[in-house]
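The values are calculated or read from the model by the stated rules, or taken from the named source; none is laboratory data. Please read all numbers here as calculations on a predicted model, not as lab measurements. Reconstructed Cβ throughout: ideal geometry from the backbone, glycine too, with neighbour counts over all protein chains shown.
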Amino acid sequence: MRIQGLDIARSIAIFGMVLVNFKLVTHATDTHHGLTLFANLFEGRAAPLFVMLAGVGLSLMTRSARDSSDRHRRHQAQRHILKRGVVLAVAGTAFLPIWPADILHFYGLYFVLAASVIYAKSITLVWLAIIGNIGFLVLLVILDYNQGWDWDSLTYVDLWTVSGFLRHWFYNGFHPVLVWMSFLLAGIWLGRQPIHQPRFTRHLLWRASLLWLAVHVIAWSGNQWVQGLSLPPAEAETLSFLFGTDVIPPMPLYVLSAIASSTIMICLSIELYERCSHWRLLQWLVVAGRQSLTLYVAHVFVGMGIMETLGMLNSASIDQVFLATALYVVGGIVFANGWARYFKQGPLEGVFRRITQ
């Protein structure tokens with residue numbers, strides 16, 4: 001049974017990533033503070049939602065195999081996930097020279113790793129996420145987090161060296177595996193829960209909301225405590241990182257906050273579709289969500305391509321960014337629904353399925 005609300009959440013994740021990336025490439029000036037604050041809500045939140053939904057999808061896809069005692073069937077499902085991961089990692093790596101902030105090559109590695117833990121016990125998934133975040137903190141002490149980065153241009157200068165690529169992939173890239181694998185593991189756990197039951201999703205919504213609130217109270221209290229210590233600015237800044245909820249660097253409180261906000265959005269999307277499935281807009285978003293790969297790649301080639309032609313890259317206001325995002329969202333929804341009238345899958349989804357079968 002397909003849970004349509006997940007497709008709505010997937011649309012929200014993709015279009016949130018579009019807004020964040022359009023803002024990033026245009027270096028948008030803060031001409032409207034309210035719009036800037038709204039755009040900032042999606043930074044470091046839309047992409048984790050996208051990754052968590054992938055975990056949910058993997059869990060739902062392998063449910064029958066997980067419940068089966070047929071070892072061949074279980075191994076076949078693992079090989080399918082592995083194949084999908086390899087294809088995504090290779091395609092995403094090829095995409096990097098065009099779009100340096102690409103998530104697909106990370107996404108592919110998440111899948112490769114997920115193939116080996118898809119049948120693990122739920123408590124094992126939790127421990128793996130904890131170990132990954134502890135590993136990141138250890139590396140943060142050992143290695144310079146800024147190594148490889150030119151933050152002014154957001155360029156990773158030694159990306160195409162072995163050490164640079166591994167560092168970028170696992171430690172200090174935009175979506176490093178050590179930390180961001182937590183979102184996929186959380187999604188796998190969530191996909192095992194009865195999220196098709198309204199009573200469960202409502203309880204989970206409240207629990208996720210309380211977690212989000214608790215995390216941000218801890219973060220605020222921690223930063224207030226650090227400010228009260230009268231430390232030198234450099235030491236205060238270092239200590240305040242421990243209570244950070246920003247995407248860079250991705251500290252444990254950020255991970256908990258993003259998991260909570262993603263869970264909230266997933267639950268709200270499921271609940272919204274259950275209550276208002278007759279709304280035409282929701283039906284359009286469901287279709288768009290099923291073509292997320294196509295819409296993600298197109299926002300670079302089509303969306304940013306048009307923006308470059310109009311001279312908006314590296315020079316645009318936040319108002320222009322929102323206008324460009326709105327036009328892309330409308331165009332993406334119209335295209336996806338028009339395409340779906342004649343084809344079962346989106347353009348890239350169809351190609352991806354044929355390659356990984």
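Which condition number does GLY332 fail, the rest of (1) at pLDDT 95 or above; (2) out of contact with any Leu (no Cβ under 6 Å at 6 or more places or on another chain) being met?
(2)
Just one of (1) more than 22 Å from ILE248 (Cβ to Cβ); (2) surrounded by fewer than 20 Cβ atoms within 10 Å (Cβ to Cβ) trips up PRO100, so point out which.
(1)
Collect the residues in the stretch 1-15 that are more than 29 Å from ALA120 (Cβ to Cβ) and either surrounded by fewer than 22 Cβ atoms within 10 Å (Cβ to Cβ) or among the hydroxyl-bearing types (Ser, Thr, Tyr) (or both), keeping them in residue-number order.
SER11 - this is the single residue of the stretch 1-15 that is more than 29 Å from ALA120 (Cβ to Cβ) and either surrounded by fewer than 22 Cβ atoms within 10 Å (Cβ to Cβ) or among the hydroxyl-bearing types (Ser, Thr, Tyr) (or both).
Among the residues of the stretch 324-357 satisfying the criterion of being of a type in the set (Phe, Trp, Tyr) and closer than 28 Å to PHE38 by Cβ, which is surrounded by the most Cβ atoms within 10 Å (Cβ to Cβ)?
Checking each candidate, the answer is TYR328.
Output the qualifying pairs, or none if there are none: Cβ atoms under 7 angstrom, residues six or more apart or on different chains, first residue in the stretch 196-225 and touching a residue at least 60 places away in the same chain (Cβ under 8 Å), second residue among the polar types (S, T, N, Q).
LEU204/THR263
With the requirement that a residue be exposed (fewer than 15 other Cβ atoms within 10 Å of the Cβ) and touching a strand residue (DSSP E or B) at 6+ places or on another chain (Cβ under 9 Å), what does the stretch 299-323 give you?
SER315
Checking the structure you have, find out if any residue of the stretch 114-125 is surrounded by 19 or more Cβ atoms within 10 Å (Cβ to Cβ), under 29 Å from LEU24 (Cα atoms) and at pLDDT 90 or above.
Checked the stretch 114-125: no residue is surrounded by 19 or more Cβ atoms within 10 Å (Cβ to Cβ), under 29 Å from LEU24 (Cα atoms) and at pLDDT 90 or above.
Considering every residue within the stretch 17-27, establish whether at least one is closer than 21 Å to THR155 by Cβ, in contact with a Phe, Trp or Tyr (Cβ under 6 Å, 6 or more places away or on another chain), buried (at least 20 other Cβ atoms within 10 Å of the Cβ) and of a type outside the set (Asp, Glu).
Taking every residue of the stretch 17-27 in turn, at least one turns out to be closer than 21 Å to THR155 by Cβ, in contact with a Phe, Trp or Tyr (Cβ under 6 Å, 6 or more places away or on another chain), buried (at least 20 other Cβ atoms within 10 Å of the Cβ) and of a type outside the set (Asp, Glu).
Failed condition for TYR156, given (1) within 19 Å of ILE266 (Cβ to Cβ); (2) buried (at least 18 other Cβ atoms within 10 Å of the Cβ); (3) hydroxyl-bearing (Ser, Thr, Tyr), with all others met?
It is condition (1) that TYR156 fails.
Okay, residues lined up against (1) surrounded by fewer than 20 Cβ atoms within 10 Å (Cβ to Cβ); (2) under 22 Å from ILE123 (Cα atoms); (3) touching a helix residue (DSSP H, G or I) at 6+ places or on another chain (Cβ under 6 Å):
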site	(1), (2), (3)
ASP150	yes, no, no
VAL162	yes, no, no
HIS168	no, no, no
GLY173	no, no, no
PHE183	no, yes, yes
ALA186	no, yes, yes
PHE200	yes, yes, no
PRO232	yes, no, no
ALA260	no, yes, yes
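One line per residue, one yes/no per condition, for (1) crowded, with 23+ Cβ neighbours inside 10 Å; (2) free of Cβ contacts under 8 Å to residues at least 12 places away in the same chain; (3) not polar (S, T, N, Q):
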{"residue": "LEU35", "(1), (2), (3)": "no, no, yes"}
{"residue": "ALA39", "(1), (2), (3)": "no, no, yes"}
{"residue": "PHE42", "(1), (2), (3)": "no, no, yes"}
{"residue": "PRO48", "(1), (2), (3)": "yes, no, yes"}
{"residue": "MET52", "(1), (2), (3)": "yes, no, yes"}
{"residue": "VAL56", "(1), (2), (3)": "yes, no, yes"}
{"residue": "LEU60", "(1), (2), (3)": "no, no, yes"}
{"residue": "ALA65", "(1), (2), (3)": "no, no, yes"}
{"residue": "HIS72", "(1), (2), (3)": "no, yes, yes"}
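Being over 20 Å from VAL321 (Cβ atoms) and surrounded by 18 or more Cβ atoms within 10 Å (Cβ to Cβ): is that true of VAL87 here?
Spelling it out, it is not the case that VAL87 is over 20 Å from VAL321 (Cβ atoms) and surrounded by 18 or more Cβ atoms within 10 Å (Cβ to Cβ).
Quick one: which helices (runs of 4 or more DSSP H) sit completely within the stretch 1-90 and have at least 1 residues that are under 18 Å from VAL112 (Cα atoms) and modelled with pLDDT under 95?
46-61, 63-67
Would you tally the residues in the stretch 98-121 being outside any helix (DSSP H, G or I), in contact (Cβ under 8 Å) with a residue 24 or more places away in the chain and farther than 29 Å from GLY305 by Cα?
Residues that pass the stated criteria total 2.
For the stretch 273-282, which residues satisfy the criterion of being in a helix (DSSP H, G or I) and either hydroxyl-bearing (Ser, Thr, Tyr) or surrounded by fewer than 17 Cβ atoms within 10 Å (Cβ to Cβ) (or both)?
Hits for the stretch 273-282 are TYR273, GLU274, ARG275, CYS276, ARG280, LEU281.
Taking the stretch 126-148 as the search range and keeping residues that are within 13 Å of LEU178 (Cβ to Cβ) and either of a type in the set (Phe, Trp, Tyr) or touching a Gly at 6+ places or on another chain (Cβ under 7 Å) (or both), which one is modelled with the lowest pLDDT?
TYR145
Just to be sure I understand the filter: pairs with C-beta atoms under 6 Å, separated by 6 or more residues or on different chains, first member in the stretch 292-312 and modelled with pLDDT under 95, second member of a type in the set (S, T, N, Q). Which pairs pass?
MET312/THR26
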